[in-house]
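The values are calculated or read from the model by the stated rules, or taken from the named source; none is laboratory data. Values in this document were obtained by computation on a predicted structure and should not be read as measured data. As a convention, Cβ positions derive from the backbone with ideal geometry for all residues, glycine included, and neighbour counts pool all protein chains shown.
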């Protein structure tokens with residue numbers, strides 16, 4: 001029985017290391033922190049740090065401080081900025097529902113309006129969003145309007161979120177959803193899991209309690225391409241060795 005050449009073993013070992021690094025992109029912990037565009041009625045842009053989730057789908061405009069920008073999905077759930085300085089991050093699961101046990105223990109499904117708006121924000125294409133912080137209202141003003149739109153679309157306004165109880169035609173992001181999805185009701189319809197590449201991070205603390213759920217954006221191809229390339233390279237390497245081995249045997 002012929003042994004696999006050292007060169008091929010070395011190459012496969014390197015590929016395995018790449019695979020390990022790729023698989024680490026699916027870790028399930030995250031630390032949240034505030035930034036200059038946060039504190040919008042307790043919402044606004046937050047920075048998700050150290051999650052291990054791929055940010056390949058995010059525009060550089062939606063990346064800040066080494067993490068990606070996200071928004072509050074549950075008005076009455078809380079998180080402590082920087083986890084009170086505790087290095088232990090939140091655990092999370094990715095899904096299609098927002099869990100708000102404070103007021104409504106039943107899952108609150110992601111809406112198509114929320115999925116659309118966040119996908120546009122994360123990809124850097126949300127019309128009217130002041131990514132460059134160049135106006136009087138600035139990026140904080142845009143974050144305020146977008147946060148209120150999310151709370152409205154997720155029916156969180158009924159739980160006390162200021163200005164988010166009903167459709168507000170003066171909010172450009174609410175008006176965008178209203179016009180795109182056949183009125184307010186259309187924008188509040190349930191979305192499929194992963195619609196527009198958007199899912200909910202349902203956060204839990206180390207003792208199992210819930211924290212504020214947030215949004216995550218990932219176009220599937222951005223995370224699967226590396227894995228598929230890795231598998232293809234390993235398969236090609238194995239096939240090349242097998243073909244060479246057949247030739248050697250044929251010549252013997």
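Taking into account only those residues within the range 129-153 that are in contact (Cβ under 8 Å) with a residue 60 or more places away in the chain and touching a helix residue (DSSP H, G or I) at 6+ places or on another chain (Cβ under 6 Å), which is farthest from residue 200 (Cα to Cα)?
Among those residues, the one meeting the criterion is 131.
What residue, of 20, 48, is modelled with pLDDT of 70 or more and either in contact with a strand residue (DSSP E or B) (Cβ under 9 Å, 6 or more places away or on another chain) or part of a helix (DSSP H, G or I) (or both)?
48
Suppose we keep only residues that are part of a loop (DSSP other than H, G, I, E, B), at pLDDT 85 or above and in contact with a helix residue (DSSP H, G or I) (Cβ under 7 Å, 6 or more places away or on another chain) within the range 60-80. Which one would you say is nearest to residue 131 (Cα to Cα)?
Step by step, filter the range 60-80, then rank; the result is 71.
Taking residue 190, is it touching a helix residue (DSSP H, G or I) at 6+ places or on another chain (Cβ under 9 Å) and free of Cβ contacts under 8 Å to residues at least 40 places away in the same chain?
No; evaluated as a whole, the condition is false for this residue.
Considering only the range 174-209, state which residues are farther than 12 Å from residue 112 by Cβ, touching a strand residue (DSSP E or B) at 6+ places or on another chain (Cβ under 8 Å) and either surrounded by 19 or more Cβ atoms within 10 Å (Cβ to Cβ) or modelled with pLDDT of 95 or more (or both).
Once the filter is applied, which keeps residues that are farther than 12 Å from residue 112 by Cβ, touching a strand residue (DSSP E or B) at 6+ places or on another chain (Cβ under 8 Å) and either surrounded by 19 or more Cβ atoms within 10 Å (Cβ to Cβ) or modelled with pLDDT of 95 or more (or both), the range 174-209 yields 197, 199, 200, 201, 202, 203.
Just the residues that are in a strand (DSSP E or B) and closer than 13 Å to residue 70 by Cβ, please, taken from the range 188-211.
198, 199, 200, 201, 202, 203 - these are the residues of the range 188-211 that are in a strand (DSSP E or B) and closer than 13 Å to residue 70 by Cβ.
Out of everything in the range 106-130 that is more than 18 Å from the chain's Cα centre (by Cα) and within 22 Å of residue 55 (Cα to Cα), what residue ends up being surrounded by the most Cβ atoms within 10 Å (Cβ to Cβ)?
129
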